[in-house]
Amino acid sequence: SGLYASYRLHSPRFQLWSNRLGSISGVLLIVFSAVISSTTGDKDDAGQDGGGGGTKLWDQTWAFYLGVAFPCIIGLVLANFFSR
């Protein structure tokens, strides 16, 4: 809907504020995700039974980080490719 609104409304002011709102939302989403992942999962009583307790973001293997970063990197590469 955001792309369609930008296509239909040829207002530089609308596009400027939409860009700002999108950037602020993205930064807040990153901060929110970091806070939630750092504060949850501290329970020792939820073991390996699928309860999700005890797992820390920084205690993962390299494959986890590669799997999380891969879609983001591919998205950036494709966005730059299609924008040219």
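The values are calculated or read from the model by the stated rules, or taken from the named source; none is laboratory data. Source: prediction; values computed, not measured. Glycine gets a Cβ as well: all are built from the backbone with ideal geometry, and neighbour counts include every protein chain shown. The area values use the complete protein model at the heavy-atom level, side chains included, leaving out ligands, DNA and RNA. Shrake-Rupley method; radii C 1.70, N 1.55, O 1.52, S 1.80 Å.
Just a few scattered comments:
- Residue, nearest to Leu57 (Cα to Cα), within the range 3-17, restricted to residues that are open to solvent by less than 50 Å² (accessible area, probe 1.4 Å) and of a type outside the set (A, V, I, L, M): Ser6
- Within the range 70-84, the set of residues being farther than 23 Å from Val35 by Cα and either open to solvent by 100 Å² or more (accessible area, probe 1.4 Å) or in a loop (DSSP other than H, G, I, E, B) (or both) comprises Leu76, Phe81, Phe82, Ser83, Arg84.
- Only one of the listed residues (Gly53, Gly22, Gly67) is under 14 Å from the mean Cα position of the chain (by Cα), surrounded by 10 or more Cβ atoms within 10 Å (Cβ to Cβ) and at pLDDT below 90. That residue is Gly22.
- In the range 66-79, the residues that are free of Cβ contacts under 8 Å to residues at least 40 places away in the same chain form Cβ pairs under 9 Å with partners that are surrounded by 10 or more Cβ atoms within 10 Å (Cβ to Cβ), at six or more places apart or across chains, as follows: Val68/Gln60.
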